[in-house]
1. Can you name the residue in segment 231-262 that is assigned to a helix (DSSP H, G or I) and among the basic types (Lys, Arg) and, of all such residues, is most open to solvent (accessible area, probe 1.4 Å)?
2. Please count how many residues of segment 181-190 are closer than 16 Å to Trp141 by Cβ and touching a residue at least 40 places away in the same chain (Cβ under 8 Å).
3. Select, from Asp350, Asp367, Asp434, the only residue that is farther than 27 Å from Tyr320 by Cα and part of a helix (DSSP H, G or I).
4. From the list Lys155, Lys137, Lys169, which residue is among the basic types (Lys, Arg), open to solvent by 10 Å² or more (accessible area, probe 1.4 Å) and more than 18 Å from Phe76 (Cβ to Cβ)?
5. Whether any residue in segment 327-350 is of a type in the set (A, V, I, L, M, F, W, C) and farther than 30 Å from Cys217 by Cα is what I want to check.
6. Modelled with pLDDT of 95 or more and among the hydroxyl-bearing types (Ser, Thr, Tyr) - does that describe any residue in segment 363-370?
7. Name the residue that is farthest from Ala160 (Cα to Cα), counting only residues in segment 82-98 that are buried (at least 24 other Cβ atoms within 10 Å of the Cβ) and among the polar types (S, T, N, Q).
8. All but one of (1) touching a Phe, Trp or Tyr at 6+ places or on another chain (Cβ under 6 Å); (2) hydroxyl-bearing (Ser, Thr, Tyr); (3) surrounded by fewer than 16 Cβ atoms within 10 Å (Cβ to Cβ) hold for Ser290; which doesn't?
Amino acid sequence: MRKALRWLLALTVLLGTLSAAGTAGAATAAPADIKDRLLAIPGMSLIEEKPYSGYRFFVLNFTQPVDHRHPDRGTFQQRITVLHKDTSRPTVFYTGGYNVSTTPSRREPTQIVDGNQVSLEYRYFTPSRPAPADWSKLDIWQAASDQHRVFQALKSIYSANWLATGGSKGGMTATYYERFYPRDMDGVVAYVAPNDVVNNEDSAYDRFFEHVGTKECRDRLNAVQREALVRREALEKRYAQFATEGGYTFTTVGSLDKAYEAVVLDYVWGFWQYNGPDCDSIPADAAHASDDAIWDSVDTISGFSAYTDQGLEQYTPYYYQAGTQLGSPTIHFPHIERRLIRYGYQPPRDFVPRSIPMRFQPGAMRDVDTWVRHHARHMLFVYGQNDPWGAERFRPGAGARDSYVFTAPGMNHGANVAGLTGGQRTLATARILDWAGVASPAVQDDPAAAKPLARFDARLDVRDVEREPALRP
């Protein structure tokens, strides 16, 4: 019996030695270069590597299921980028909610924590679109599951803490990801993220436009918007010429007239989203301004190409989601006579080709809002005082833990942590550092000591808002 036990013990030791030797051999054989490590991930392929001092920057494709509930029913290639600093540093997971940029850039949380950055292209934005496209598989859960699979694939390489972030629709995306996969990230920083809980109740936007900025500025903007409708016939002739010269068509929206009104009604919203509060560039006396002055002002802010087929095509996935889950704003125009407005704010259905079926799901945003109110953990929401999208915002409730909503005074859709007031700025920075696992003892003792760990880089740190046509978050 003792011999048998001694033999069994010897065998166990031998197997353990062989296992350890095999593990050591495997570790020795593992790729050392970060590019090789990334490409060793199943489904990962390289599009290109671009040089940037102090980093490695990769543009990659990652194979994703079209339907995460049924992964055997087809795949597509989703673009991601990796801004690699060091595997020992924290990683920021960024999505803008649209196409991914293939130019090296660093989002504010990445600079704050001096970390790596993984950026993801939102599904169905080309080229990250299945062919043929089953549009019913474009929803917030499927998109969150895309992020979850990317995180699972990269976590073995980037094993330190992870933060999710994004601006506007990207901030919404980061929030939805946290709702469906709350154990993936160590924190979330969501910038200017709209939260349209009840799609048919948008009075918060009307109240916003009654009080934003100064009365003088509001009056100027309202007058130009009204004048563009008063001069509709003359300016639509110019619009027709603009369309002919640019090769623009209006099949999706239905007519040049509908497209023209949509652009004009975006004007005031677009100004506050991207330009306010300085109104010096707005014609001071719209009634006596030239047609050129009215056209130029509306085109600069709203963009007359926005509702052409060519302008809408890139954003079909957004309008589809707005009309099926996200919701969309509707505002009123008390300064414009009803006879001048033929269509009002048009629904997302008008901006998606009729060949794509759509059905609104009113419970989707209520579910996310309820989760944030009761279960938010390590979440920071940053809004701009002058940004219309902040009129309907996320508000963590009594059940939330270590979560915050801050407003940057005087800022619009480009609001960020750096634009917060002193106490809020340092607290937000301290919480980001802590969630990332890189807060120093001094910061842990006193948030006032918190500051970004990486120096500002004028090329890498994108501070300007990602400019989209108005009425797209």
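The values are calculated or read from the model by the stated rules, or taken from the named source; none is laboratory data. Every value quoted in this text rests on a predicted model; they were computed, and no experiment measured them. Note that we place each Cβ from the backbone using ideal geometry, even for glycine, and neighbour counts take in every protein chain shown. All accessible areas refer to the heavy atoms of the entire protein, side chains included, with ligands and DNA or RNA removed. Shrake-Rupley method; radii C 1.70, N 1.55, O 1.52, S 1.80 Å.
1. Filtering first and then ranking leaves Lys237.
2. Of the residues in segment 181-190, 1 are closer than 16 Å to Trp141 by Cβ and touching a residue at least 40 places away in the same chain (Cβ under 8 Å).
3. None of the others qualify; the one that does is Asp434.
4. Working: Lys137 fails: more than 18 Å from Phe76 (Cβ to Cβ); Lys169 fails: open to solvent by 10 Å² or more (accessible area, probe 1.4 Å).
Answer to the check: Lys155.
5. no
6. yes
7. Thr95
8. The one condition Ser290 does not meet is (1).
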